[in-house]
Each structure stands twice: as structure tokens, then as C-alpha cells.
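J.: One structure coming up, written as C-alpha cells, with questions to follow.
Quick note: the coordinates plus some simple rules give every number you see, no bench work behind them. Keep in mind the model is a prediction, meaning the values are calculated, not measured. Positions of Cβ are backbone-derived with ideal geometry, glycine not excepted, and every protein chain shown enters the neighbour counts.
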Amino acid sequence: MAQPVTTPAAIRVASDRRAWFIAGGAMVIWIGAYQAIQPLADWLTYELFGIARDSHLGKSVAFFLYDVPKILLLLSGMIFAITTLRSFFSPERTRALLGGKREGVGNVLASGLGVVTPFCSCSAVPLFIGFVESGIPLGVTFSFLIAAPMVNEVALVMLFGLFGWHIAALYLGAGLSIAVIAGMVIGRLKMERHIEDFVWQIKSGGGAVAAHSPTWAERFAESWRSTREIVGRVWLYVVIGIAVGAGIHGYVPEAALADILGKGAWWSVPVAVVIGVPLYSNAAGVIPVVQALMAKGAALGTVLAFMMSVVALSLPEMIILRRVLKPRLIAVFVTVVALGIIAIGYLFNLLMA
Amino acid sequence: MLNVKVLGTGCANCRRLEDLVHKVVKEAGLAAEVEKVTDYAQMMRWNLMKTPGLVVNDTLVASGRIPTEAEIARWLKT
């Protein structure tokens, strides 16, 4: 416990320099490892295991051995970068930025901030109360609460890794649009009286804690901790998801799914959403499966709708929000977001025709 | 006697902070009462927007993060 009470600036600079040095070194190793995955996967499958190149088994095994390390590396590297970026934002700062914004502008800003502000659903209630109580309109608050889980870092990284940057960007754009529009709709519906009464009675103590401005060393240490935590939580789903996806890749014939999950099947979008909502937190396992389905003829809009409903609407979050929202408002929230997702699904199926 | 409150609803970070506080109190041999606050209305007395929060003698000293042991020790000893 013999830490100095005030850290001299010189020590801070030295520890930051050391942190950057370590982060830079890790990046070099990361890039090297990433380059090595493809040749290593091919070598293992075809040379070491001696599986024939054109066989079903060969395709599946090579796919699995390539995708698992690739996605896990991408997740570690990009989540580290994203959490470091997020360390520059805080709910308090976001609230200050949103204060006094009109609807419309406020909804757009809130959705964007929902993506970059560090957020976990366990903080949804204090955040909700803090927003509403400081006079931020309900619709603007909802734009934030919809964007934050929907555009989640694990989903985004996996889309990037398995589908490419353009699909990841489409997902980001679609998620933000739904957050903006759903927030505006909820704002128009004047649902304020469906917030639990105690929220309006709270008189917060005002004086928030003085903003802690972390050093680079602290930012990196914190990012490293949350990266390990997130990857530790999802890696098994990733492996299982990719294994199932790899099986589909190798064994299901091309275009086998076009009839049930293709553009022609109009009912597939709402069905995808209904199946997706209860599949909470398994985005990591769902995305590889969905990618394989798409390769076999499933339509992009249907697939996007499915993924969005998996991450954006979840039962645990509804239960948490029930503490501050009356059932009617929760129902409206779920309905508006689900309709938005279905609309996006149809739109993409139409555009990609 | 010191009064320390950990604000949070039971997520992993809140539990980690609580353990850390107990550890610091024990190691420094302080006479402190450590409470857990899980009620949202109460948490808002300190305008907390991100759990976990740490309150020492009615003052919020950290929110939305897990402070280091050294930081906690410093707050408890002054």
C-alpha cells in the first residue's frame, strides 16, 4: 500500500510510454499471427491430417481451422481497440451532450452516442433514470437504449470477420436507423405516464463524482481486462457456432435453403425475428451459422433481421427495464423495435434483388 | 467509524468492487462498515449513472469503474 499520494507527471509519462510500447509490440505479434492463420489451417488440414482437398470433410475442416483462430484474434484485437476508444466517453458526458437537444437531432446524436458510450445492461436502469430526470426526452433516451445493445462490439466484429466490412457497415447503418426512428416514434406516442412513478419522485443529489481522467496505462489495462472478460464469455459460442457453420459449408448443397430462407419466401423475415428475440447473448454463436446459411441461399435481409433481433431485444434486458417502465411501455418498445427490424429485413431483400 | 457503500445491482463488476473493498479494509485494519446499496432510488442520491459506484462517508468517490486497491486505500484513510 506504499503508493505515493500524488503521482509526479514524470512517472505518468514514463508509464504511458511503457504502455504504448507494450501495446505496439502486441500489435506486431497480432499482425504476424493473423497472417499465419491461412497457411497454417491449410497445412494442418491437407498435409498433416492428409484430408483430400475437394472432399466435404476437407472443406469443413479447413473452414473451421481457419475461422476459429481468425475470429478469436479479430475479437481480441478489435474489442481492445473499441474499449480503448470508449474510455474517452462516459454516461455523464453523454448526458451532458444530449441535454437541451430537440427531438430529431437528439435522436440521431443519442443513437450515435449509444454505440460509443460504455454500456452494460446492468447499468440500464440508473442510466435511464439519470437521462429522464435531467430532462432528456423519453424518445431520445430510447434511441440511446436501442442503439447501445443492437450495435454491439461482438456482433460488429464477427460480421466484419465473416461477411466483410460492407455487411458490417450495413448492419451499423441499419441499427442506427432503427434506433433513431423507433426513438422518435416512442417520443411521439407520449408514453411518459408509463414510466414507474418512483422515477419522477427521485431527487438526485446533484454533485456527480469529479470526472476521472485515466492515463494511457490505465486505459490499456482496463481495455485488456474487459477484452479478456468478453472473449472469455463468448469464445465457446464462437467455436460451436463455427463448427456448425463449417458442417453446413461442407455438407449442405448449394442453394438448398433458397426456398425457405430466400427472398421469395415473404414470411421468412418475421419468422426470423420471432425466433431471434429469445436467443439472447448468443450473437457470437449465431453469426457463423447464419453466414453458412447465407452461402446456401438465405437472403441477406432475412439474415440481418435475425441477427438484429438476437442482440437488440432480449428477455433479461426487458426484466431489468421493467423496474422503471410499466408493461405497456415495454410492449410498445418491443413492438416498435421488432417492426423496425422487420422493415429493415424486407428493405434489404428488396434492394439486393 | 467509516461508512462505505458499494452501489450496484449484483453484476460481476459490483461484486468485484465489494470484494476489493473488504480486502482493503481488512488489510489496512480499518474500522469500517461496508454496505451494499441495490435500490435504484437510493443510488440516485449520488446521481450514479453507471454501476458500480463507491461511496465513502456519504461522498461518491468513483462511478462506473473498479478503482485500484491503492485508490480505495487512499479514500478510506483520509
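J.: What spacing in nm lies between the two simple spin-label points modelled at A:W200 and A:A221, each 7 Å away from Cα in the Cβ direction?
T.: Once both label points are built, they end up 4.6 nm from each other.
J.: Hey, can you rank A:302-312, A:337-347 by average C-beta count inside 10 Å, highest first?
T.: Details: A:302-312: 26.9, A:337-347: 21.4.
Ranking the peptides A:302-312, A:337-347 by packing returns A:302-312, A:337-347.
J.: Arrange the peptides B:61-69, A:286-294 so that the one whose residues have, on average, the most other Cβ atoms within 10 Å appears first. Can you show the working numbers first?
T.: Details: B:61-69: 19.7, A:286-294: 24.0.
So the peptides B:61-69, A:286-294, ranked by packing, come out A:286-294, B:61-69.
J.: Net charge near A:H249, counting Lys/Arg +1 and Asp/Glu -1 over other residues with Cβ under 10 Å of its Cβ?
T.: Residues close to A:H249 contribute a combined charge of +1.
J.: Cα extents of the protein assembly as shown along the three principal axes, largest first, in whole Å?
T.: So the three principal-axis extents are 73, 55, 32 Å.
J.: Work out the length of the dipole vector of the protein assembly as shown about its Cα centre, built from +1 on the beta-carbon of each Lys and Arg and -1 on the beta-carbon of each Asp and Glu, and round it to the nearest 20 debye.
T.: 720
J.: Separate question: Taking only complete DSSP H runs, can you tell me which helices of chain A stretch 24 Å or more along their own long axis by Cα positions and average at least 1.6 on the Kyte-Doolittle scale?
T.: Values: long enough: A:9-42 (51 Å, 0.63); A:56-86 (43 Å, 1.18); A:165-188 (34 Å, 1.52); A:216-251 (48 Å, 0.32); A:327-351 (36 Å, 2.10).
For chain A, where a helix must reach 24 Å along its axis and average at least 1.6, the hits are A:327-351.
J.: Find which of A:A147, A:G99, A:A295 sits farthest along the positive direction of the dipole of chain A, computed with +1 on the beta-carbon of Lys and Arg, -1 on that of Asp and Glu, about the Cα centre.
T.: It is A:G99, whose Cα lies furthest towards the positive end.
J.: Determine the dipole magnitude for the stretch A:73-150: charges of +1 sit on the beta-carbon of Lys and Arg, -1 on that of Asp and Glu, nothing else is charged, the reference point is the Cα centre, and the result goes in debye to the nearest 20.
T.: Taking the Cα centre of the stretch A:73-150 as origin, the dipole is about 120 debye.
J.: How much mean residue ellipticity at 222 nm does the protein assembly as shown get from its helices, if each DSSP H run of length 4 or more adds -39500 (n - 2.57) and you divide by all residues, to the nearest 500 deg cm²/dmol?
T.: -21500 deg cm²/dmol
J.: What is the sum of charges around B:T59, taking Lys and Arg as +1, Asp and Glu as -1, for the other residues whose C-beta is under 12 Å from the C-beta of B:T59?
T.: Details: positive: B:K5, B:R45; negative: B:D58.
Net of charged neighbours comes to +1.
J.: Next question, about the same structure. Relative to the longest principal Cα axis of chain B, at what angle does helix B:12-28 sit, 0 to 90 degrees, rounded to 10?
T.: 20
J.: What do you get for Rg/Rh over the stretch A:48-134 if you use C-alpha atoms and the Kirkwood form of Rh?
T.: 1.31
J.: For q values of 0.17, 0.25, 0.26 Å⁻¹, compute log₁₀ I(q)/I(0) with the Debye formula on a Cα-only model of the stretch B:2-77, without solvent.
T.: Calculated log10 I(q)/I(0) at the listed q: -0.54, -1.19, -1.29.
J.: OK, next. How many Cβ atoms of partner chains, on average, are near each residue of B:35-43 if near means within 10 Å of its Cβ?
T.: 3
J.: Putting +1 on Lys and Arg Cβ atoms and -1 on Asp and Glu Cβ atoms, find which of A:V310, A:A23, A:S213 reaches farthest to the positive end of the dipole of the protein assembly as shown.
T.: Selected residue: A:S213.
J.: While we're here: So which lysines can B:K5 reach, going by Cα to Cα under 23 Å and dropping same-chain residues fewer than 8 places off?
T.: Candidates past the 8-residue exclusion: A:K203, B:K23, B:K26, B:K36, B:K50, B:K77.
J.: Turning to a different aspect of this structure: Could you give the radius of gyration (one decimal) and Dmax (whole number) of the Cα atoms in the stretch A:224-353, in Å?
T.: Rg then Dmax for the stretch A:224-353, in Å: 16.2, 49.
J.: Cross-link partners among aspartates and glutamates for A:K59, C-alpha distance below 13 Å, same-chain residues fewer than 8 apart left out?
T.: A:D42, A:D67
J.: Something else: I'd like to know which of A:V68, A:V108, A:A41 lies farthest towards the positive end of the charge dipole of chain A, counting +1 on Cβ of Lys and Arg and -1 on Cβ of Asp and Glu.
T.: A:V108
J.: Might you report the magnitude of the Cβ-based charge dipole of the stretch B:2-77 about its Cα centre, with Lys and Arg at +1 and Asp and Glu at -1, to the nearest 20 debye? Provide the component values of the computation, followed by the final result.
T.: On the way: 11 positive and 9 negative charges, 34 e Å.
It comes to approximately 160 debye.
J.: Label point 7 Å out from A:E192 along Cα-to-Cβ: which residues of the stretch A:142-182 have amide N under 14 Å?
T.: Output list for this probe position: empty.
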